[in-house]
Each structure stands twice: as structure tokens, then as C-alpha cells.
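Novice: If you scroll down you'll find the structure; I have some questions about it.
The values are calculated or read from the model by the stated rules, or taken from the named source; none is laboratory data. In this text, all values refer to a predicted model and were calculated from it rather than measured experimentally. Backbone-built Cβ (ideal geometry, glycine too); neighbour counts: all protein chains shown.
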Amino acid sequence: MWYSAVGFVVTLTLCLLTAPLAYEAQPAGKVYRIGMLETRSTVLNAANIDAFRQGLLELGYQEGQNFEIVYRSSDGRDDRFPGLASELARLRVDLILTRGTPAVLAAMSAAPSIPVVMAASGDPVESGLVASTVRPGGNVTGLSSGLTEVYAKRVELLRELLPSLARLAAIFNMGNRSAVPQWHVLAPTCRASVGCLPLSRLACPRLASERCRG
């Protein structure tokens with residue numbers, strides 16, 4: 001859950017929202033609109049939302065006075081992200097807070113002029129979210145929970161923990177752009193490992209079944 005990094009996310013959100021104050025006058029008492037693009041409903045995501053609100057409150061920002069949250073959920077369906085991101089853009093939110101590579105890509109496409117804060121994503125460079133980690137460019141910033149090269153290390157660690165390992169199954173949602181480079185690193189690494197038999201590939205389509213997504 002991304003609320004474990006809420007301090008960083010909150011600070012980054014405030015920096016992006018208040019940055020224009022240094023360059024141009026803002027209306028007195030402006031209430032910033034934070035678009036939140038998520039995979040789950042507000043009920044299922046209550047812990048994350050409450051942590052985000054609490055983080056802002058601790059920094060002196062109170063919902064209804066300084067900011068408001070415009071929440072949109074895909075209900076677990078990645079194909080809904082483009083439409084929801086476009087809706088947030090039409091509502092003229094000041095910033096979009098989201099997580100997961102499909103949601104970030106949708107926000108980038110629908111709202112190229114609106115800052116996007118990602119609370120988590122796959123490898124941002126391999127997924128096309130940023131040009132590089134040193135010079136990201138574009139309108140996206142935030143946290144990444146995965147680097148593609150670590151998948152090779154995971155196979156090595158498994159071999160050390162389970163010397164008798166003979167077959168490894170990997171389940172990837174190949175409809176998620178971040179999964180493709182991960183698979184390309186994992187598969188040959190496993191095949192090259194001493195005593196490791198061919199890897200089983202179980203790929204979920206973009207519109208995966210509930211069982212596969214779970």
C-alpha cells in the first residue's frame with residue numbers, strides 16, 4: 001500500500017500545487033482540486049485516503065479549506081483509466097495523484113499539462129513514464145516500486161534459498177506495459193541458471209478475469 005510513503009507523496013503534492021505562487025499571484029483562499037485516479041473504490045481504499053488527508057492536515061492543509069479531492073476509481077479495470085483520466089482533465093483538477101503504470105500512462109495522455117504524481121509504478125524508464133531518472137522531463141514525478149533489473153536478482157535469491165528448485169512459474173499481466181521488460185529479464189535469467197528448467201509463462205490479457213487479477 002502506498003500510504004507507507006505518504007510523507008513523500010504529500011510533500012511532493014504540495015510542492016507541485018504551490019509552486020505557481022512564486023511566479024504569479026493566486027486568488028485569495030484558492031481551494032486546490034486534487035484528482036485521485038485509483039483502482040479501488042473509496043471504501044476499499046479508505047486507509048490510503050485517510051493517510052493522505054492526515055499527512056496534509058499535519059502540514060496545515062485542511063480539506064474544504066485549502067484543497068478538495070476529486071476521486072475516480074476504475075474498479076479494477078485498466079481499460080477504464082483513459083476515460084476517467086479524461087474526466088479529471090475536463091474537471092480542471094490542479095494535479096492528478098495516482099499509482100500503477102496503466103493509470104499513470106492514462107493520466108499522461110489525457111492531461112499532458114497537469115502535474116501527475118505517481119505513488120507507485122513499475123520501472124518508469126522502461127515503461128515510458130519518464131525519459132530518464134536523472135532528467136525525467138514531462139509532467140510526471142513520484143515513486144517507483146520496481147526496477148527491471150531486480151528480477152534477475154530475485155531468481156538468484158530463489159536458487160540460493162531453494163537449491164533443489166527445478167521449475168519456476170511466473171504470472172505476468174502482459175497488458176501492463178511495465179510487465180513486458182520484466183518478463184524479458186526474468187525468462188533468460190532463469191533459463192541460464194544452473195539446473196533451472198524452462199520457465200512456465202502464464203500471461204493475463206489486458207481484460208483479465210477476476211481470478212487471474214486476484
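Novice: Can you say whether ALA103 is in contact (Cβ under 8 Å) with a residue 40 or more places away in the chain, touching a Phe, Trp or Tyr at 6+ places or on another chain (Cβ under 8 Å) and of a type outside the set (Ser, Thr, Tyr), as far as the supplied structure shows?
Specialist: Numbers: in contact (Cβ under 8 Å) with a residue 40 or more places away in the chain: yes; touching a Phe, Trp or Tyr at 6+ places or on another chain (Cβ under 8 Å): yes; of a type outside the set (Ser, Thr, Tyr): yes.
Considered against the rule, which asks whether it is in contact (Cβ under 8 Å) with a residue 40 or more places away in the chain, touching a Phe, Trp or Tyr at 6+ places or on another chain (Cβ under 8 Å) and of a type outside the set (Ser, Thr, Tyr), ALA103 comes out as yes.
Novice: Let me ask something else. I'd like to verify a number: residues in the range 35-61 that are surrounded by 13 or more Cβ atoms within 10 Å (Cβ to Cβ) and within 16 Å of SER73 (Cβ to Cβ), how many?
Specialist: 13
Novice: If you go through the range 36-46 one residue at a time, how many are in a loop (DSSP other than H, G, I, E, B) and of a type in the set (D, E, K, R)?
Specialist: In the first step, residues of the range 36-46 are kept if they are in a loop (DSSP other than H, G, I, E, B); the result is 39-45.
This time we only want the ones that are of a type in the set (D, E, K, R), so: 40.
Going through the range 36-46 one residue at a time, the tally reaches 1.
Novice: Taking the range 106-124 as the search range and keeping residues that are over 9 Å from the mean Cα position of the chain (by Cα) and of a type in the set (A, V, I, L, M), which one is surrounded by the most Cβ atoms within 10 Å (Cβ to Cβ)?
Specialist: Among those residues, the one meeting the criterion is ALA107.
Here's the yes/no breakdown for (1) aliphatic (A, V, I, L, M); (2) out of contact with any Asp or Glu (no Cβ under 6 Å at 6 or more places or on another chain):
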| site | (1), (2) |
| --- | --- |
| ASP50 | no, yes |
| GLN62 | no, yes |
| GLU68 | no, yes |
| SER73 | no, no |
| ALA89 | yes, yes |
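Novice: Which one of these is closer than 17 Å to MET118 by Cα and not acidic (Asp, Glu): LEU37, LEU57? Outline the logic, then answer.
Specialist: Working: LEU57 fails: closer than 17 Å to MET118 by Cα.
None of the other options fit; the residue is LEU37.
Novice: Taking the range 47-101, which residues are in a loop (DSSP other than H, G, I, E, B) and at negative phi?
Specialist: Just the residues of the range 47-101 that are in a loop (DSSP other than H, G, I, E, B), to begin with: 59-62, 64-66, 74-77, 91-94, 99-100.
Residues satisfying the conditions are LEU59, TYR61, GLN62, GLN65, ASN66, SER74, ARG77, LEU91, VAL93, ASP94, ARG99.
Condition check ((1) β-branched (Val, Ile, Thr); (2) within 18 Å of the chain's Cα centre (by Cα); (3) outside any strand (DSSP E or B); (4) modelled with pLDDT of 70 or more) across all residues:
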| residue | (1), (2), (3), (4) |
| --- | --- |
| GLU126 | no, yes, yes, yes |
| VAL130 | yes, yes, yes, yes |
| GLY146 | no, yes, yes, no |
| ILE171 | yes, no, no, yes |
| VAL180 | yes, yes, yes, yes |
| TRP183 | no, no, yes, yes |
| PRO188 | no, no, yes, yes |
| LEU197 | no, no, yes, no |
